[in-house]
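The values are calculated or read from the model by the stated rules, or taken from the named source; none is laboratory data. Fair warning: this is a prediction, and the values are worked out from it, not measured in the lab. A quick note on method: Cβ atoms are made from the backbone with ideal geometry, for glycine too, and the neighbour counts reach across all protein chains shown.
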Ligand code: SF4
């Protein structure tokens, strides 16, 4: 198997990445939120300049694929008019902030769970002239909500989270540490930036410009006293499923991809849209025309839909690194996956669609051939190398039940 190319950076809108089907343009909505008019405008842009689809990333961003170098400037002009582009590519890359998408909104008291004010303060600090020069994939998580965490399974180097001690207690925690220090809505962003500066000053960034907090902590780095504490994070909420949720509604797309035309329709039906890192969107105040959704093949509204138990990256032919197709195989195998299990089909060992371990992973290794890997990542040691997946059974994929 040839080793995947690790880029060390993520595409943006101003700095797109070339793929097998053209440029990938990644739009990073501020606070994971789009107004209805931004969502409609974004959909129109994807139809005009991309392949007509929008896909959700596992950092709650939105990719437009199939863009050409000739039309990219026009696309950027349209995104600027929608207020969906940062001032420059550096600011865009650094504004890597994941905000709890199912956050409550207390209109009477917006400071009760200040996810958005904290994320805004972080974004402003990261856009400043003296902002810490962080590695491309380094990210922040803001995850406050009624004594629970929703983003505990999502990657983030510096985390501002609900504390175990109560509904309105928050902590700042370096990824890799089991506990953090108490913060408030007013102090959280400033201390998080201080932690980012410490990460750089203490050697967290390698000579190749890359670095993750978890690796730095595992390597023995010691946080200064003001940035460490003994408060545990709140418990992790159960993984959200499509359907009514917290007064709103979650809607899933197979493989996180939706026709732009349908996305625009959703904005008309539901108003502002919050993007989640879970291949779903959230309508905080429900959907006006929700009955229509039950008969629409573009959306997954049934929490027991087999397609929710499979993840697959773009694969061949869209990704130049892919050693085989992914999504058609994942669709074919989805009925074999028991509820509560997950099958990851990856076009190569990089495992973009699911960087962590999965109960079963099929990693393409060449024409018609896949490695079956159990309880590990797409790059793990195969239990059955080089198999042809057509005759696989549930027991083959999940031998321990
Ligand atoms: S995991 Fe998939 S999308 Fe990522 S580089 Fe490999 S083939 Fe491409």
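Points worth noting:
- Screening the candidates 51, 100 for the property of being surrounded by 23 or more Cβ atoms within 10 Å (Cβ to Cβ) and in contact with a strand residue (DSSP E or B) (Cβ under 9 Å, 6 or more places away or on another chain) yields one hit, 100.
- Being outside the structural domain of residue 167 (by TED's automatic domain parsing) and at negative phi is a property that residue 118 lacks.
- Tallying residues that are out of contact with any strand residue (DSSP E or B) (no Cβ under 6 Å at 6 or more places or on another chain) and within 21 Å of residue 171 (Cβ to Cβ) within region 135-144 yields 2.
- Boolean, residue 289 is in contact with a helix residue (DSSP H, G or I) (Cβ under 6 Å, 6 or more places away or on another chain), crowded, with 21+ Cβ neighbours inside 10 Å and at pLDDT below 95: no
- Residue check for residue 263: surrounded by 19 or more Cβ atoms within 10 Å (Cβ to Cβ), at negative phi, in contact with a strand residue (DSSP E or B) (Cβ under 6 Å, 6 or more places away or on another chain) and without any contact (Cβ under 8 Å) to a residue 40 or more places away in the chain: no
- Qualifying residue in region 327-342 (condition: within 13 Å of the ligand (Cβ to nearest atom) and either at pLDDT below 95 or within 30 Å of residue 156 (Cβ to Cβ) (or both)): yes
- Strands (runs of 3 or more DSSP E) enclosed by region 345-391 - at least 2 residues per element that are buried (at least 16 other Cβ atoms within 10 Å of the Cβ) and within 14 Å of the ligand (Cβ to nearest atom): 358-366, 369-376
- Residue in region 212-243 that is surrounded by the most Cβ atoms within 10 Å (Cβ to Cβ), counting only those that are touching a strand residue (DSSP E or B) at 6+ places or on another chain (Cβ under 8 Å) and under 28 Å from residue 306 (Cβ atoms): 242
- Boolean, residue 156 is surrounded by 15 or more Cβ atoms within 10 Å (Cβ to Cβ), free of Cβ contacts under 8 Å to residues at least 60 places away in the same chain and in the same structural domain as residue 127 (by TED's automatic domain parsing): yes
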